[in-house]
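See below for the structure under consideration.
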Amino acid sequence: MENNLDVLNYQELIKKYSWILERDHNCILSPDSDGLLCGLFMSNYLNWKIVGFYDGKILIKDKKIDLNECIFLDMEIFRDFIRSAGHHIVLYSQRAIPELWTNLNQCIQPNLLRGYYGQTHFKNKYPLAMIHLLIGILDNQEKINIETESICPLLFTDGTFKNLFNYPENCLSWLHYLGADRKSSALHKIFFNECYTITSLMIALKELFKVISQDDYSDKIKISTREGKIDGLQKDNSFFRFDDNTWLKTENFLKYLSAKTKWNYIQDKWTKSDFDVFQFTKKSNKARVGIFRQILSENPLSMAQTSGNLIEYTIDPHNIFKNI
């Protein structure tokens, strides 16, 4: 874990996590607008294929794909042989770093890169979306063009626009860290553009909200109920597929994002049937040093500090990942 550096050294990050710029990988996404943008972006620029989704309670993946070979985007997988990229607060205290913490060695994690942990730095946590970090990384390999029409959905995702106004000091710190204040950065046009006044952004967001409020659009894929039961999927012989309504809403939103970003939506890159489905145990507990150690002793599959006093985590009773 690096010190709290002023600016992210992209070249060092790329050297350590070279897989993030490799072509033709299979990936599993979070089932929300940030995950969908990440999938659209990586399939467009690097020919990645979206083979599944994971929401902390349910994981679905193409029956033909080995999970160990997948890259997980917009989430942290707590297994040292699994590649992932997420932006939650995952370390509660520097006083509770066990040997098991090497489980995140293959995870691109901005809070860990800056040495931020929940007990002291929760208010300073990464306030943007995963797609913004991916744009910053890939922009170091090839110039990423940001369409003016894409700015609104890129500020909408993960509530980024709310954070910009609610936590301006923290957001400016992170934008500087990502190099977004440099005119040469693709992120500059998103966050330092002259295209949107506050009023014009409000109008653009109003139009986006109107789109996602329609019955045939959805910015989230619902794959589980609050209780952790399967949702949005139906049995198809021995496997599962998205039900027609769920996929219609998802595909319409993907096409909308594609039209705004000019990142090609390629149907063949998105798996929508023949899924294996895995159900997990989702737990939560108070954010305390002793409790955090106890959570780690349960070897969680994923976890996140979701508020100043709460940690949510997932236990895998199936041991779905096999150590290589």
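The values are calculated or read from the model by the stated rules, or taken from the named source; none is laboratory data. These numbers come from a predicted model, not from an experiment. Using ideal geometry, Cβ is built from the backbone for each residue, glycine included, and neighbour counts are taken over all protein chains shown.
Results for (1) in contact with a His (Cβ under 9 Å, 6 or more places away or on another chain); (2) basic (K, R); (3) under 19 Å from M303 (Cα atoms), shown as yes or no for each residue.
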position: G35; (1), (2), (3): no, no, yes
position: M42; (1), (2), (3): yes, no, no
position: I58; (1), (2), (3): no, no, yes
position: I89; (1), (2), (3): yes, no, yes
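Going through segment 267-283 one residue at a time, which ones are surrounded by 14 or more Cβ atoms within 10 Å (Cβ to Cβ) and either over 24 Å from I65 (Cα atoms) or among the charged types (D, E, K, R) (or both)? Break it down into steps so the answer makes sense when it comes.
Looking only at segment 267-283, we keep the residues that are surrounded by 14 or more Cβ atoms within 10 Å (Cβ to Cβ), and these are 269-283.
The answer is K269, K272, D274, D276, K282, K283.
Just one residue in the set D62, D32, D66, D6 is in contact (Cβ under 8 Å) with a residue 60 or more places away in the chain, among the acidic types (D, E) and over 30 Å from R182 (Cβ atoms); that residue is D62.
May I ask you to verify whether R182 is modelled with pLDDT under 95, of a type in the set (D, E, K, R) and surrounded by fewer than 16 Cβ atoms within 10 Å (Cβ to Cβ)? Walk me through it before giving the result.
Values: modelled with pLDDT under 95: no; of a type in the set (D, E, K, R): yes; surrounded by fewer than 16 Cβ atoms within 10 Å (Cβ to Cβ): yes.
So R182 does not fit the description; no.
With under 18 Å from the mean Cα position of the chain (by Cα) and either closer than 17 Å to L46 by Cα or of a type outside the set (A, V, I, L, M, F, W, C) (or both) as the only criterion, which of L175, L138 stands out? Just one listed residue meets the conditions, L138.
Go through segment 121-147 and give me each residue that's of a type in the set (A, V, I, L, M), more than 15 Å from T157 (Cβ to Cβ) and either in contact with a strand residue (DSSP E or B) (Cβ under 7 Å, 6 or more places away or on another chain) or assigned to a loop (DSSP other than H, G, I, E, B) (or both). Working first, answer last.
Of the residues in segment 121-147, the ones of a type in the set (A, V, I, L, M) are 128-131, 133-135, 137-138, 144, 146.
Imposing the further condition that a residue be more than 15 Å from T157 (Cβ to Cβ) reduces the set to 137-138, 144.
Residue satisfying the conditions is I144 alone.
Residues to consider are S84, S43; find the one that is outside any loop (DSSP other than H, G, I, E, B), of a type in the set (S, T, Y), touching a strand residue (DSSP E or B) at 6+ places or on another chain (Cβ under 8 Å) and closer than 22 Å to W101 by Cα. Break it down into steps so the answer makes sense when it comes.
Values: S43 fails: closer than 22 Å to W101 by Cα.
S84 is the lone residue from the list that is outside any loop (DSSP other than H, G, I, E, B), of a type in the set (S, T, Y), touching a strand residue (DSSP E or B) at 6+ places or on another chain (Cβ under 8 Å) and closer than 22 Å to W101 by Cα.
Among the residues making up segment 7-55, those that are in contact with a helix residue (DSSP H, G or I) (Cβ under 9 Å, 6 or more places away or on another chain), more than 21 Å from I146 (Cα to Cα) and among the β-branched types (V, I, T) are V7, I14, I28, I50.
Would you mention how many residues in segment 125-165 are over 20 Å from F209 (Cα atoms) and surrounded by fewer than 18 Cβ atoms within 10 Å (Cβ to Cβ)? The qualifying residues number 5. The number of residues in segment 206-231 being closer than 14 Å to Y256 by Cα and surrounded by 12 or more Cβ atoms within 10 Å (Cβ to Cβ) comes to 7.
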